[in-house]
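Data first, discussion second: the structure below is written as structure tokens.
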Amino acid sequence: MDADPRSVPVPRRTILITGAGSGFGALSARALAHAGHTVYAAMRDTAGRNAVRVSVAEEYAAAHGVDLRTVELDVLSQESADAAIAEVLARTGTLDVLVHNAGHMVTGPAEAFTPEELAAVYDTNVLGTQRVNRAALPHLRAQGHGLLVWVGSTSSRGGTPPYLAPYFAAKAAMDALAVSYAAELARFGIETSIVVPGAFTSGTDHFANGGHPAGATVIRAYEERYAGLMDQVAERLAALAPAGADASLVADAVVEVVGAPDGKRPFRVHVDPADDGSEEVSRVADRVRAEFLTRIGLEDLLTPRPVPPLVSRPVPPLVSRPVPRPARGPAPRPALREGAA
């Protein structure tokens, strides 16, 4: 008789979570630490605006006897990502799981955002994951195993209310990147799981600290036809959520994915109490993906398995050379949500 999977000990993993100062990231960091893992809660400006959050994490770890640590990581900087991964490897000697959670939400009419403001949202939600991957993947590939967990959004395929276009577009791009990475990393023994939260209007800073466009004239024009629309959206999303729809459900899903046996993890997990239709659409899309890879003889990319390590020593993260920028000054960006990166 097979052993009850709940009785099988979960291997202790070393995990880094981006954007772990608040919301899904902070909740997941604590839940994973309680599950027995070594967790690095990554956040930016740990000596400044997030110094209090660093202290809170340290106090929490001491009070609960868990291995919860913090590390400086600004996903907008390749140098910062390289340094964070190097610090984790120096302190722990390994890295098993990378959780892409850092996010940047903005609200307002799509037309009111400048191209630079849209690029800023894309920078955090998409390019931020690429910077961290370029820092961490050399090590994961060399050791022959690992797990990338991408915290996505049901907006990529489900119902999408208006006034969130930049965020939705960036999350859809991140999802597409995650799907491509899944196939490209499979033969290195690196697994991919996409955790897909629905709209949680409490327990995160998404709506409270979301940015807004600078185009005041355009905003006024839309307000004439769509007065109070963003407040209506928030209220109606909250009304759709059933009782007990807490943001901690997302953290529980992350813990379950990390704790699953190697090679048996789900490709996509929805945590959508309001049921906006994303799971139904994703089920079709993921089936088509699997069928297509099988048709072209690449079905092995659907089930990554650990492979022998390439080297016996840790591989330093990729160090990128600075790229010259145009002489003009940087364009203004909407404020990042608190603790997002």
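The values are calculated or read from the model by the stated rules, or taken from the named source; none is laboratory data. Quantities reported herein were computed from a predicted structural model and do not represent experimental measurements. With ideal geometry, Cβ positions are generated from the backbone for all residues, glycine too; neighbour counts draw on all protein chains shown. Just so you know, the surface numbers come from the protein's heavy atoms only, side chains and all, with ligands and any DNA or RNA stripped out. Shrake-Rupley method; radii C 1.70, N 1.55, O 1.52, S 1.80 Å.
The numbered conditions (1) surrounded by fewer than 21 Cβ atoms within 10 Å (Cβ to Cβ); (2) over 22 Å from Val254 (Cα atoms) are all true for Gly65 except (2).
For residues in the range 262-275 being at pLDDT below 95 and either among the aliphatic types (A, V, I, L, M) or open to solvent by 50 Å² or more (accessible area, probe 1.4 Å) (or both), which is farthest from Val196 (Cα to Cα)? Here the answer is Asp262.
Search the range 291-310 for residues that are more than 15 Å from His145 (Cα to Cα) and pair each with any residue that is of a type in the set (D, E, K, R) when their beta-carbon atoms are under 6 Å apart and the residues are at least 6 apart or on different chains. If the second residue must be of a type in the set (D, E, K, R), the pairs left are Leu293/Glu299. Pairing each residue of the range 32-56 that is farther than 19 Å from Ala102 by Cα and open to solvent by 10 Å² or more (accessible area, probe 1.4 Å) with any residue that is in a loop (DSSP other than H, G, I, E, B) and aliphatic (A, V, I, L, M), provided the two are 6+ apart or on different chains, yields C-beta distances under 7 Å for His34/Val66; Ala35/Val10; Gly36/Val10.
Might you check whether a residue that is closer than 24 Å to Gly23 by Cβ, at pLDDT below 55, of a type in the set (A, V, I, L, M) and crowded, with 18+ Cβ neighbours inside 10 Å occurs anywhere in the range 326-340? Yes, that holds for at least one residue.
Can you find a residue that is farther than 28 Å from Ser180 by Cα, over 15 Å from the mean Cα position of the chain (by Cα), aliphatic (A, V, I, L, M) and modelled with pLDDT of 95 or more anywhere in the range 116-137?
Of the range 116-137, the ones farther than 28 Å from Ser180 by Cα are none.
No, that holds for no residue.
Restricted to the range 291-312, and to residues there that are open to solvent by less than 30 Å² (accessible area, probe 1.4 Å) and part of a helix (DSSP H, G or I), the residue that is nearest to Val195 (Cα to Cα) is Leu301.
Checked across the range 65-75, the condition of being over 22 Å from the mean Cα position of the chain (by Cα) and not hydroxyl-bearing (Ser, Thr, Tyr) holds for at least one residue.
Does the range 132-172 hold any residues that are part of a loop (DSSP other than H, G, I, E, B) and among the hydroxyl-bearing types (Ser, Thr, Tyr), and which are they? Scanning the range 132-172 gives Ser153, Thr160, Tyr163.
Out of curiosity, is Pro161 out of contact with any strand residue (DSSP E or B) (no Cβ under 7 Å at 6 or more places or on another chain), more than 23 Å from Leu27 (Cα to Cα), of a type outside the set (A, V, I, L, M, F, W, C) and modelled with pLDDT under 95? Yes, satisfied. Counting only residues that are open to solvent by less than 10 Å² (accessible area, probe 1.4 Å) and either at positive phi or not polar (S, T, N, Q) (or both), the range 127-138 holds 4 of them.
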